[in-house]
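One structure is given below, encoded as structure tokens.
The values are calculated or read from the model by the stated rules, or taken from the named source; none is laboratory data. No experiment lies behind these values; they were computed from the predicted model shown. Quick reminder, even Gly has a Cβ in these numbers, built from the backbone with ideal geometry, and neighbours come from all protein chains shown.
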Amino acid sequence: MISANLAAIFYLVSGILFILALRGLSSPDTSRQGNYFGIAGMIIAIVVTFLSIGNFSTSIVYVVIFLVIGGAIGAFIAFKIPMTAMPELVAGFHSLVGLAAVFVAIAAFLNPAAFNLGNVGDIKLASLIEMSIGAAVGAITFSGSIIAFLKLRGIMSGAPITFSGQHILNLILGIGIFVLIFYLCKTQSTNIFWTVIIISFLVGVLLIIPIGGADMPVVISMLNSYSGWAAAGIGFTLENTALIITGALVGSSGAILSYIMCKAMNRSFVSVILGGFGADNSTDDKKEKKDQKPVKSGNAEDAAFLMKNASSVIIVPGYGMAVAQAQHALREMVDKLKKNDIKVTYAIHPVAGRMPGHMNVLLAEANVPYDEVFELEDINNDFANSDVAFVIGANDVTNPVAKTDPKSPIFGMPVLDVEKCKSVLFVKRSLSPGYAGIDNELFYKDNTLMLFADAKKMTEDIVKNLD
Amino acid sequence: MEIDPFIFRLSIFILSIFIGYYVVWSVTPSLHTPLMSVTNAISSVIIVGAIIAALAGTSESIFNTSSIFGFIAIILAAINIFGGFLVTQRMLQMYKKKKDKKK
């Protein structure tokens, strides 16, 4: 049994360790150390909680059992999950944080005495507001993340689901939550508390269904942010500094990531949230034009020949590479090229893939050294001086239309200047437009060679032809 | 008049948002995925609340309505803590420099 003051100091220490955990991520060299700080912070927080309760009755046995069960499931998932499935894993984890926040809030509401918040039917006003906000945000995080998970996993179509009056409905439900919390404070009614949670679950679903697949980087970051705010809300209820600090850190982290992702698409946060992007690509005249324009297509042999005679190659990976699991074959290809003294670098657009940093993790998995991988602004000028751009599974992020056509929905989005390369190899399954539903001008340029095939199969064929 | 303790917690909260803002901006973009998984793991410090709720049951009734929610929340948060930290560790192990690779 330790005093409340001592416990508070330990919680502060664990909060500081969490800050250091994030700080470590500023460079891959310090990142592993940072992760150990995070683990240490978590152990301190859990041990101090046990010590400060000091009630070592039989229930503690059950607490440990449940902890071990959860830990075993978590460890199993962490070791088994393929790197290509990271986006859905993160979405799934967000949903668990959200649900845990809801359950802690419910437990606190049903047994406020255990948390020193007053008695049933007479909970302190501030605590009641904090726990209902924590529960509402947690519930939105939970159901929103479940929808994001289903979309990323492909169980649910990635296409946006929209209906008329959607935004008005969301607005009414959002205001409804606040009105109900107000009445909850007046009446302390259990029924109103449950209603708040149920409506929040509904809002989470409604909020995410209109958002399409390629906007997922924003959605995941946003849900990341929500899970932080939910934790902070519970932290205020429990008067726990570790939880308040962590909630604030995670909340601002998610918010910054959402901002970076929105900026990389030149879209406002509001327009992403309102959703529906990429839904109405019924521009028939565009499709007709596309059929008439000539396209140069080639095979693996042509591609191998082009790259063998190049002196520098830039690889542009995208979501298609993740889907085809082509990262290992790609690395093999690059190794062969390097043996021929060809300079190879990777160019990564911030929104390539389905979550922030998605491509970097896949390349790291394939043992690509991180100092060969460059961000958009660091490499964009190099395209003009390079011989070959190898675009694998990316599309909209290379579309020159974003720079030339003010009418295009992606106008103004920063894109990779792939077309400035002497020649462009474009691995793609078909001519179908990308997620944004816009035809890519790059397909029809004279210096573009289309390689129609599955990304992994094409890369493997090129490897064979490089011998 | 004394300052309400809530104001102190609010101060901690707001200062932490600022710390988070500056720390996260310095995270290199190539580590954004591990950033998400580690923030996931640390936000599961909510397990603190779950443990308090679960231990609130009396020895006669370990599982009452309130503590059951606590116990379920422990499982959920524990999945996240172990899963989040371990998957982050697994990812970070893969980020290597050229030199390491040739060894």
Taking the stretch A:246-277 and keeping only residues that are at the interface with another protein chain (Cβ under 8 Å from one of its Cβ atoms), among the small types (Gly, Ala, Ser) and over 16 Å from A:Ala45 (Cα atoms), one is left with A:Ala248, A:Gly251, A:Ser252, A:Ser253, A:Gly254
Conditions (1) crowded, with 24+ Cβ neighbours inside 10 Å; (2) within 14 Å of chain B (Cβ to nearest Cβ); (3) more than 22 Å from A:Phe411 (Cα to Cα); (4) touching a Ser or Thr at 6+ places or on another chain (Cβ under 8 Å) -> A:Phe193 fails only (1)
For the stretch B:43-66, which positions are more than 7 Å from chain A (Cβ to nearest Cβ) and either at pLDDT 90 or above or surrounded by 24 or more Cβ atoms within 10 Å (Cβ to Cβ) (or both)? none
What's the total number of residues in the stretch A:37-72 that are farther than 20 Å from B:Val48 by Cβ and modelled with pLDDT of 90 or more? 1
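Yes/no matrix, rows are residues, columns are (1) in contact with a Pro (Cβ under 6 Å, 6 or more places away or on another chain); (2) charged (D, E, K, R); (3) free of Cβ contacts under 8 Å to residues at least 60 places away in the same chain; (4) not in a helix (DSSP H, G or I):
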position: A:Ala136; (1), (2), (3), (4): no, no, no, no
position: A:Leu152; (1), (2), (3), (4): yes, no, no, no
position: A:Gly174; (1), (2), (3), (4): no, no, yes, no
position: A:Val179; (1), (2), (3), (4): no, no, yes, no
position: A:Ile192; (1), (2), (3), (4): no, no, yes, no
position: A:Thr195; (1), (2), (3), (4): no, no, yes, no
position: A:Ile198; (1), (2), (3), (4): no, no, yes, no
Just a yes or no: is a residue in the stretch A:69-85 surrounded by 22 or more Cβ atoms within 10 Å (Cβ to Cβ), out of contact with any Phe, Trp or Tyr (no Cβ under 8 Å at 6 or more places or on another chain) and either of a type in the set (Ser, Thr, Tyr) or assigned to a helix (DSSP H, G or I) (or both)? no
The lone exception for A:Phe18 - which of (1) part of a helix (DSSP H, G or I); (2) without any contact (Cβ under 8 Å) to a residue 60 or more places away in the chain; (3) facing another protein chain (nearest Cβ under 7 Å) it fails: (2)
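Would the stretch A:313-335 turn up any residue that is in a strand (DSSP E or B), touching a Gly at 6+ places or on another chain (Cβ under 8 Å), crowded, with 22+ Cβ neighbours inside 10 Å and at pLDDT 85 or above? I'd like the intermediate steps shown before the answer.
Taking the stretch A:313-335 and keeping what is in a strand (DSSP E or B), we get A:313-317.
From what is left, the residues that are touching a Gly at 6+ places or on another chain (Cβ under 8 Å) are A:317.
Now drop any that are not crowded, with 22+ Cβ neighbours inside 10 Å, which leaves A:317.
From what's left, at pLDDT 85 or above: A:317.
Scanning the stretch A:313-335 turns up at least one residue that is in a strand (DSSP E or B), touching a Gly at 6+ places or on another chain (Cβ under 8 Å), crowded, with 22+ Cβ neighbours inside 10 Å and at pLDDT 85 or above.
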Could we say that A:Arg32 is of a type outside the set (A, V, I, L, M, F, W, C), part of a helix (DSSP H, G or I), in contact with a Gly (Cβ under 7 Å, 6 or more places away or on another chain) and facing another protein chain (nearest Cβ under 8 Å) here? no
Going by the conditions given, is A:Met458 in a strand (DSSP E or B), crowded, with 18+ Cβ neighbours inside 10 Å, in contact (Cβ under 8 Å) with a residue 60 or more places away in the chain and more than 24 Å from the chain's Cα centre (by Cα)? no
Run down A:Ile46, A:Ile2, A:Ile39, A:Ile19 and say which single residue is more than 31 Å from the chain's Cα centre (by Cα) and among the hydrophobic types (A, V, I, L, M, F, W, C). A:Ile2
Looking at A:Asn5, is it polar (S, T, N, Q) and at the interface with another protein chain (Cβ under 9 Å from one of its Cβ atoms)? no
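Given the structure, is A:Met131 of a type outside the set (Gly, Ala, Ser), more than 7 Å from chain B (Cβ to nearest Cβ), under 30 Å from A:Met1 (Cβ atoms) and in contact with a helix residue (DSSP H, G or I) (Cβ under 6 Å, 6 or more places away or on another chain)? Before the answer, list the steps.
Details: of a type outside the set (Gly, Ala, Ser): yes; more than 7 Å from chain B (Cβ to nearest Cβ): yes; under 30 Å from A:Met1 (Cβ atoms): yes; in contact with a helix residue (DSSP H, G or I) (Cβ under 6 Å, 6 or more places away or on another chain): yes.
Taking the combined requirement at face value, the residue satisfies it.
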Inspect the stretch B:6-18 for any residue being over 17 Å from A:Leu249 (Cβ atoms), among the hydrophobic types (A, V, I, L, M, F, W, C) and within 7 Å of chain A (Cβ to nearest Cβ) and give the result as yes or no. yes
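Checking the conditions here, which among A:Ser143, A:Ser127 is within 16 Å of A:Asn240 (Cα to Cα), surrounded by fewer than 24 Cβ atoms within 10 Å (Cβ to Cβ) and in contact (Cβ under 8 Å) with a residue 12 or more places away in the chain? Outline the logic, then answer.
Numbers: A:Ser143 fails: within 16 Å of A:Asn240 (Cα to Cα).
Criteria check complete, one pass: A:Ser127.
Tell me the residue from A:Lys186, A:Lys151 that is at negative phi, surrounded by fewer than 24 Cβ atoms within 10 Å (Cβ to Cβ) and charged (D, E, K, R), please. Full working, then the answer.
Working: A:Lys151 fails: surrounded by fewer than 24 Cβ atoms within 10 Å (Cβ to Cβ).
Just one listed residue meets the conditions, A:Lys186.
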For the stretch A:165-181, indicate whether the set of residues that are closer than 30 Å to A:Tyr319 by Cα and at pLDDT below 90 is non-empty. yes
Taking first residues from the stretch A:227-245 that are within 7 Å of chain B (Cβ to nearest Cβ) and second residues anywhere that are of a type in the set (Asp, Glu) and buried (at least 24 other Cβ atoms within 10 Å of the Cβ), the pairs with Cβ under 7 Å that are 6 or more apart or on different chains are A:Phe236/A:Glu130
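Can you tell me how many residues within the stretch A:50-60 are facing chain B (nearest Cβ under 8 Å) and touching a Leu at 6+ places or on another chain (Cβ under 9 Å)? Don't jump to the end; show me each part of the working.
Residues of the stretch A:50-60 facing chain B (nearest Cβ under 8 Å): A:50, A:53, A:55, A:57-60.
Checking the rest, the ones that are also touching a Leu at 6+ places or on another chain (Cβ under 9 Å) come to A:50, A:53, A:55, A:57, A:59-60.
The total comes to 6.
In this structure, does B:Ile3 turn out to be aliphatic (A, V, I, L, M), crowded, with 18+ Cβ neighbours inside 10 Å and either at the interface with chain A (Cβ under 7 Å from one of its Cβ atoms) or assigned to a loop (DSSP other than H, G, I, E, B) (or both)? I'd like the intermediate steps shown before the answer.
Details: aliphatic (A, V, I, L, M): yes; crowded, with 18+ Cβ neighbours inside 10 Å: no; either at the interface with chain A (Cβ under 7 Å from one of its Cβ atoms) or assigned to a loop (DSSP other than H, G, I, E, B) (or both): yes.
Judged against the criteria, B:Ile3 is not a match.
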